[in-house]
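**Q** Pasting a structure below so you can have a look.
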Amino acid sequence: MRRTKRLSLMCLLLVLALVAAACGGDDGGDTGGDTGDTGEVTGGEFSIQICEPQFLQPGNTQETCGSQVLQGIFDPLVEFDPDTAEPSNDVAESIESEDLQTWTITIKEGITWHNGDPLTAQNYVDSWNWTADSTNKALNSYFFANIEGYDDLNPEKGKPTVHEMSGLKVIDDTSFEVTLTEPFSQFPLTVGYGAFYPVPEGYADDPDAFNEAPVGIGPYMMDGKWKHDQFVKVVKYPDYWGDEPNADAIEFRIYADVNTAYTDLLAGNLDITDTIPTESLAAAPQELGERFIQVPSSYFGYIGFPMYQEPWDKLELRQAVSMALDREAITTAIYQGTYQPAKSIIAPVVPGFREDPCGEFCEHNPEEAKRLWDENGGPDEIILWFNNDGGHEEWMEAFSNQLREALGVTTKFESLAFEEYLTLQDEHKLTGPYRGAWVFDYPSPQNYLEPIFSCDGSSQEFGYEDHGCEEASDLIEEANATEDLDAAIELYHQAEDAILADLPGTPTWFGVTNAGYGENVDNVIVDVFSFVRLEDVQVLGGGDA
Amino acid sequence: MGRFFIRRTLEIIPVFFGATFLIFAMVFALPGDPIRALAGEKPLSPAVQRQFREEYNLDDPLPVQYGKYIAGFAQGDFGQTFRGEQVVDIMKEKFPITARLALFAFLFEATLGIIAGLLAGLRRGSFVDNLVLVSTITVVSVPIFVLGFLAQLILGAELGWFPVAGIQDGTMSYLLPAMVLGSLSLCYVARLLRTSLGENLRADYVRTATAKGLSRMRVVGRHTLRNSLIPVITFLAVDLGYLMGGAIVTESIFNVPGIGREVFLAIRGQEGPLVVGIVTAGVLIFMFANLVVDLLYAVLDPRIRYE
């Protein structure tokens, strides 16, 4: 409550300030929209807003801020087109398999680490083994769960006795073989994720030192150490193997509060932000003009149902809640149109997206919802669960009003700290609809369906595993083993339909990245991962910007 | 005097154990699993979670955990965060920043507060007095984040007199946040001194001093101001303790990476050793500041003696 109040006040103040600033006159220095190309090399330095990274290690970095920094310092095996998410090999020369289970990855020759050492296949194998090994407590460990031998490194009891996965074999300096536990057609996409970056020789001896000044293979290298809560600075790596990046240096400036970052951007002290605060969104298009960018992101929001808990094991009640939710009303009124109503699980930024596979049960239809609710003995009270640190109060309140109006129930909130919320969710102790969200790791329909909804999905939060998850899971597995992309997508569609028919969770909205940049820079491109393409950013006025 | 000092110093020992244990127990009692939250909405392999629990003694009962913490502490090990950072390193990095901010805020509130209080107290009912009264009540009633945000927008972004945020510009970048942070206490200082001065000016010894023919300057400077400052100094000492504990709101608005934000995040992440380290340091600073004040009383007012 305190936070909401604070935000709305800030909002008011900011709006006032923006109006004042807008009246102050237009300098007419527009520099043209984004062109989508890689731009020309301009030199110069720019600053970009991030939050304090959790880690700067491939094995541990999973939040966006650390990932954005590592994007500059590393290159992935596979990269994705910023508009279409179409994959193409980057560091990888080729990723091939006969049976979709044993994959041979060959890396390009002549790539060097920032310390001058050549990049080898061994670096990849070492990195993946380190991350998968439970003794290293790496947060990205589960990404390697489908590689053979992962279980030996993550035993159910006690400590692992081996520290290398049997499924990884170095063939020669530039190629290695990966054996998966089962066929997986989407494997080449997964290695585009940051957890699959290599680490330099000697990394395992002192990962903490690496964390403070990571050594990579990307266009930029560290300039000094990570200054916690202040900044991370990088400069161009002179012996970079790929195309020369446009700017000479980047300062990742760490902000605790996105409002502060936005004020700094308006004051001209910050060049790029990829998080414009919700309360400033209404004014941003007018304030930034062409320098305000909106790009669909991979964020998928949903309302989950505790199927392990009566009465939510009843499909009709879940459908009733889904139909009582007015998605459009919330995205327009609360999110200023910066989220898109979702009627599917597979997001628009992923190949295989369909507009409305959910059909009537994701339409706002209070009458039908009421009928279903009453006919199936819906309870008089609904308890809504969410975490209290992500700004969910507003839409949850709107949602509860919609439920009260449509179903004639009373509602109650259980708003918890994130830690407690996740723990209760894992322990299956939630007693009503709850908020959930997912951001993909790689652009594949599989990355939405399997982790969230399959029987052995990593979250297993709905209790779906005891309530008919098999049909969807089998379809996903079949799709994973299908080489032809179109045929695989067809199967993923069937799996999506099966899940939506069971409705363990109902889609709410897809996210949008709201970014903005200052007058010093141009060609700012935001990709589907919500990352700014660092190497493409042009600094206007060159070195003396 | 010597005995007083020793007794007060010895008091620090039980307070240290009490504070560390209480804080430890409170972090322990927080609901939810900090390890689970490390990975956010992504899953975390059970073996990895087990490894975390083992290394951080999370499965031990509270007394055992606390015992292990104190045992480490005795050997100079303040523990580490779940990210593997040494608590002592974080404190070394963050306390100087907070100390600097606190010092500037303290100087700001003490100097301006005393000047304003003096002017108002000496000329009761004058324009200056009214000005001080009205302006202080205004500042006191405005929440600090509004003040901070306004100052940032107007003095920082619009006029460009101060950096908007961050601490990259050295001393210059501390000024605005320090002024915002100190503004509230400034008002208290001014009002306290005004009242206290008013009372003392009516005291018998002041009348005697004036009757003796001492100059106004000497009457105020030597006989009134010194003992009028006692409540002000008491307040300032407590306030310095608060300032050193960090200021979450001001630090966030101005992006000052101080101890306040650190402790806030540490509590949220249930980082036991970090919370205990920071808060205990805060408690010790608080006690020390109060000890200094107690000793200062004797300097300011000769009637005060210590056993």
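The values are calculated or read from the model by the stated rules, or taken from the named source; none is laboratory data. Bear in mind that the values here come from a model prediction, so they are computed numbers and not experimental data. So basically every Cβ, Gly included, is an ideal-geometry build from the backbone, and we count neighbours across all protein chains shown.
**Q** Filtering the range B:141-172 down to residues that are free of Cβ contacts under 8 Å to residues at least 24 places away in the same chain and small (Gly, Ala, Ser), which residue is nearest to the other protein chains (Cβ to nearest Cβ)?
**A** Across the range B:141-172, the extreme among qualifying residues is B:Ala157.
**Q** Determine which member of the set B:Thr111, B:Thr136 is buried (at least 19 other Cβ atoms within 10 Å of the Cβ), free of Cβ contacts under 8 Å to residues at least 60 places away in the same chain and of a type outside the set (Gly, Ala, Ser).
**A** Residue meeting the stated conditions: B:Thr136.
**Q** Under 20 Å from the mean Cα position of the chain (by Cα), polar (S, T, N, Q) and either more than 14 Å from every other protein chain (Cβ to nearest Cβ) or over 30 Å from B:Thr224 (Cα atoms) (or both), is that true of B:Ser135?
**A** no
**Q** Given the criterion more than 19 Å from B:Leu193 (Cβ to Cβ) and under 12 Å from the mean Cα position of the chain (by Cα), identify the matching residue among B:Ile267, B:Ile253, B:Ile259.
**A** Result of the check over B:Ile267, B:Ile253, B:Ile259: B:Ile259.
**Q** If you scan the range B:27-57, which residues turn out to be farther than 28 Å from A:Pro160 by Cβ and in contact (Cβ under 8 Å) with a residue 12 or more places away in the chain?
**A** If the condition is that a residue be farther than 28 Å from A:Pro160 by Cβ and in contact (Cβ under 8 Å) with a residue 12 or more places away in the chain, then B:Val27, B:Phe28, B:Leu30 are the ones that fit.
**Q** Shifting gears a bit: Being without any contact (Cβ under 8 Å) to a residue 12 or more places away in the chain, within 19 Å of A:Thr64 (Cβ to Cβ) and assigned to a helix (DSSP H, G or I) is the requirement here; does A:Thr332 meet it?
**A** No: the conditions fail for A:Thr332.
**Q** Given the condition among the polar types (S, T, N, Q) and closer than 30 Å to A:Val232 by Cβ, answer yes or no: does some residue in the range B:172-188 qualify?
**A** yes
**Q** A follow-up question, please. When you scan the range A:186-295 for helices (runs of 4 or more DSSP H) that lie fully inside it, which ones turn up with 2 or more residues that are more than 30 Å from A:Asn480 (Cβ to Cβ) and touching a residue at least 40 places away in the same chain (Cβ under 8 Å)?
**A** Per the criteria, A:207-212, A:258-266, A:284-288.
**Q** Any residue in the range B:59-67 that is farther than 28 Å from B:Ala237 by Cβ, crowded, with 16+ Cβ neighbours inside 10 Å and small (Gly, Ala, Ser)?
**A** No - not one qualifying residue is present in the range B:59-67.
**Q** Follow-up question, since we're still on this one. Mind listing whichever residues of the range A:104-125 are crowded, with 22+ Cβ neighbours inside 10 Å and either of a type in the set (Phe, Trp, Tyr) or within 12 Å of chain B (Cβ to nearest Cβ) (or both)?
**A** A:Tyr124
**Q** To continue, here is another question. Could you look through the range A:163-172, keep only residues that are within 20 Å of A:Phe187 (Cβ to Cβ) and more than 14 Å from every other protein chain (Cβ to nearest Cβ), and pick out the one that is surrounded by the fewest Cβ atoms within 10 Å (Cβ to Cβ)?
**A** Looking at residues that are within 20 Å of A:Phe187 (Cβ to Cβ) and more than 14 Å from every other protein chain (Cβ to nearest Cβ), I get A:Ile171.
**Q** Mind telling me which of the residues B:Leu284, B:Leu229 ends up being surrounded by fewer than 18 Cβ atoms within 10 Å (Cβ to Cβ) and in a helix (DSSP H, G or I)?
**A** Of the residues listed, the single one that is surrounded by fewer than 18 Cβ atoms within 10 Å (Cβ to Cβ) and in a helix (DSSP H, G or I) is B:Leu284.
**Q** Continuing with the same structure: Going through the range A:126-146 one residue at a time, which ones are more than 12 Å from chain B (Cβ to nearest Cβ) and either closer than 18 Å to A:Asn60 by Cβ or touching a His at 6+ places or on another chain (Cβ under 8 Å) (or both)?
**A** Answer for the range A:126-146, where residues must be more than 12 Å from chain B (Cβ to nearest Cβ) and either closer than 18 Å to A:Asn60 by Cβ or touching a His at 6+ places or on another chain (Cβ under 8 Å) (or both): A:Asp126, A:Ser127, A:Trp128, A:Asn129, A:Trp130.
**Q** For the range A:248-268: of the residues being among the aliphatic types (A, V, I, L, M) and within 15 Å of A:Tyr517 (Cα to Cα), which is nearest to the other protein chains (Cβ to nearest Cβ)?
**A** A:Ala267
**Q** Just for the range A:147-162: of the residues that are in contact with a Leu (Cβ under 9 Å, 6 or more places away or on another chain) and farther than 26 Å from A:Ile217 by Cα, which one is farthest from the other protein chains (Cβ to nearest Cβ)?
**A** Step by step, filter the range A:147-162, then rank; the result is A:Glu148.
**Q** Quick check on B:Val293: is it β-branched (Val, Ile, Thr) and either touching an Asp or Glu at 6+ places or on another chain (Cβ under 7 Å) or away from every other protein chain (no Cβ under 14 Å) (or both)?
**A** So B:Val293 fits the description; yes.
Per-residue answers, yes or no, for (1) at pLDDT 90 or above; (2) within 14 Å of chain A (Cβ to nearest Cβ):
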| site | (1), (2) |
| --- | --- |
| B:Gly182 | yes, no |
| B:Gly213 | no, no |
| B:Ser228 | no, no |
| B:Ile248 | no, yes |
| B:Thr280 | no, no |
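**Q** Scan the range A:409-465 for residues that are in contact with a Gly (Cβ under 7 Å, 6 or more places away or on another chain), touching a residue at least 40 places away in the same chain (Cβ under 8 Å) and aliphatic (A, V, I, L, M) and jot them down.
**A** A:Ala437
**Q** Give me the residue from the range B:70-96 that is away from every other protein chain (no Cβ under 11 Å) and not in a helix (DSSP H, G or I) and, out of that set, farthest from the chain's Cα centre (by Cα).
**A** B:Gln75
**Q** So which residues in the range B:71-109 are of a type in the set (A, V, I, L, M) and closer than 23 Å to B:Ile167 by Cα, if there are any at all?
**A** If the condition is that a residue be of a type in the set (A, V, I, L, M) and closer than 23 Å to B:Ile167 by Cα, then B:Val87, B:Val88, B:Ile90, B:Met91, B:Ile97, B:Ala99, B:Leu101, B:Ala102, B:Leu103, B:Ala105, B:Leu107 are the ones that fit.
**Q** While we're here: Considering each residue of the range B:254-278, count those that are surrounded by fewer than 24 Cβ atoms within 10 Å (Cβ to Cβ), without any contact (Cβ under 8 Å) to a residue 60 or more places away in the chain and within 10 Å of another protein chain (Cβ to nearest Cβ), and give that number.
**A** 3
**Q** Pairs please, first residue from the range A:354-366 and of a type in the set (Lys, Arg), second anywhere and buried (at least 18 other Cβ atoms within 10 Å of the Cβ), Cβ atoms under 9 Å, 6+ apart in sequence or on different chains.
**A** Cβ pairs passing all conditions: A:Arg354/A:Lys343; A:Arg354/A:Ser344; A:Arg354/A:Ile346; A:Arg354/A:His493; A:Arg354/A:Glu496.
**Q** Just checking, how many residues over the range A:374-391 are in contact (Cβ under 8 Å) with a residue 24 or more places away in the chain, more than 20 Å from A:Tyr421 (Cα to Cα) and surrounded by fewer than 16 Cβ atoms within 10 Å (Cβ to Cβ)?
**A** Number satisfying all stated conditions: 6.
**Q** Cβ-Cβ under 7 Å, sequence separation 6+ or interchain: first residue in the range A:127-143 and free of Cβ contacts under 8 Å to residues at least 60 places away in the same chain, partner part of a helix (DSSP H, G or I) and of a type in the set (A, V, I, L, M). Which pairs?
**A** Note: pairs meeting the criteria are A:Ala132/A:Leu153; A:Asp133/A:Leu153; A:Ser134/A:Leu153; A:Ser134/B:Ala47; A:Ser134/B:Val48; A:Lys137/B:Val48.
**Q** Would a scan of the range A:476-488 turn up a residue that is outside any loop (DSSP other than H, G, I, E, B), touching a residue at least 12 places away in the same chain (Cβ under 8 Å) and hydroxyl-bearing (Ser, Thr, Tyr)?
**A** Taking every residue of the range A:476-488 in turn, none turns out to be outside any loop (DSSP other than H, G, I, E, B), touching a residue at least 12 places away in the same chain (Cβ under 8 Å) and hydroxyl-bearing (Ser, Thr, Tyr).
**Q** Working carefully through the options B:Arg50, B:Arg83, find the one that is among the basic types (Lys, Arg) and surrounded by fewer than 20 Cβ atoms within 10 Å (Cβ to Cβ).
**A** B:Arg83
**Q** Still on this model: Could you please find all residues in the range A:89-125 being under 27 Å from A:Asn60 (Cβ atoms) and of a type in the set (D, E, K, R)?
**A** Residues satisfying the conditions are A:Asp90, A:Lys108, A:Asp117.
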